[in-house]
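Following: one structure in structure tokens, then a few remarks.
Bear in mind that the values in this text are calculations on the coordinates, not laboratory data. These figures come from a predicted structure and were not determined experimentally. Note: ideal-geometry Cβ built from the backbone for every residue, glycine included; neighbour counts use all protein chains shown.
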Amino acid sequence: MPATPASPRWGRYETLLPDEIAAIAAQHSVAYLPWGALEYHGRHAAVGLDGLKAHGLCCSLAAAVGGLVFPPVYFAANTIKTLRELPHQRHSLNFSEDLLRLLAREHLEQLADEKFRVVFVLCGHVGQPHYDIIKAEAAALNARQSATRVIATSETDLISPDLVVANHAALGEISFLMSQHPECVDLSRLPADRVPTLEQDAVWGSDPREASAEKGRLYTDAFIAGARPLIAALASS
């Protein structure tokens, strides 16, 4: 008699049938919510970098830990568009902090209503106070109830600063994107005769011309190592 195939450890929520969702959640009651932005990241990177990065990292983490990955939320406040002293006013969407707060609260309440034990919110965009608003809503839900526990974090909060620090369209983010969606990066659009800058190129951080898919995979492994024990501790509590 042939063996019954084992249930998958993880899946992308929007692609699954209800019974498939239930089977995964019964074994790994973890929801991953990537939170991104549509924001200018220079001429060398896709405007959806933050969401693409967060979604890719959540998929890698779910493959290692188990659970269900939701589609990225492309809804951000405090994008580069709000920095009026910079010339980068196009190709970004920026929403109010009040609307962000409401959307974060209702996303988390909906996932708690779905009975997930752990909700892991990965913020690909860490502009302030955008990032603190999402973390505050996570803390508020944790204070209101205990059945669902929320982690709200970013990849750079879980990786040693010796590897990656918070950046915008620089070495870290571009390496992540190259490892996940190489078609969304074109390093040839960066200047060859000078170091890229925030003012001219929307680059804040280490030189993205040094980015590579290999570095992105190294950073991803470090992210998984940092996130895995946080999820395990809450899933078993």
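Before moving on, here are some points about what is shown:
- Using only side-chain charges placed at the Cβ, +1 for Lys and Arg and -1 for Asp and Glu, the dipole size of the range 162-237 relative to its Cα centre rounds to 260 debye.
- Filter on LYS53/LYS135; LYS53/LYS81; LYS81/LYS115 - keep pairs with C-alpha separation over 26 Å: LYS81/LYS115
- Simple point charges give the picture: +1 on the Cβ of Lys and Arg, -1 on the Cβ of Asp and Glu, and for the chain a dipole about the Cα centre of about 300 debye.
- Fraction of antiparallel bridges per DSSP, the chain only, in percent to nearest 5: 10
- Here Rg/Rh (Cα atoms, Kirkwood Rh) was computed from the coordinates, and among (1) 0.99; (2) 0.93; (3) 1.10 the match is (1).
- Across the chain, the longest piece that holds none of the trypsin sites (Lys or Arg not before Pro) lying in DSSP loops with up to 15 other C-beta atoms within 10 Å covers 116-193.
- Placed amide H near TYR32: partners under 5 Å, 5+ positions off or other chain: LEU68, VAL69, PHE70, PHE120
- Residue-averaged 222 nm ellipticity for the chain, from DSSP H runs of 4+ at -39500 (n - 2.57), nearest 500: -13000 deg cm²/dmol
- Pairwise centroid distance, computed over Cα atoms, of the range 145-189 with the range 57-85, Å: 9
- Remark: relative contact order (the chain) = 21 percent; criterion is Cα-Cα distance under 8 angstrom and separation of 6 or more residues.
- Taking 15 Å as the cut-off, the amide N atoms of the range 189-222 that come nearer than this to a point 7 Å along the Cα-to-beta-carbon line of HIS91 belong to 189-191, 197-204.
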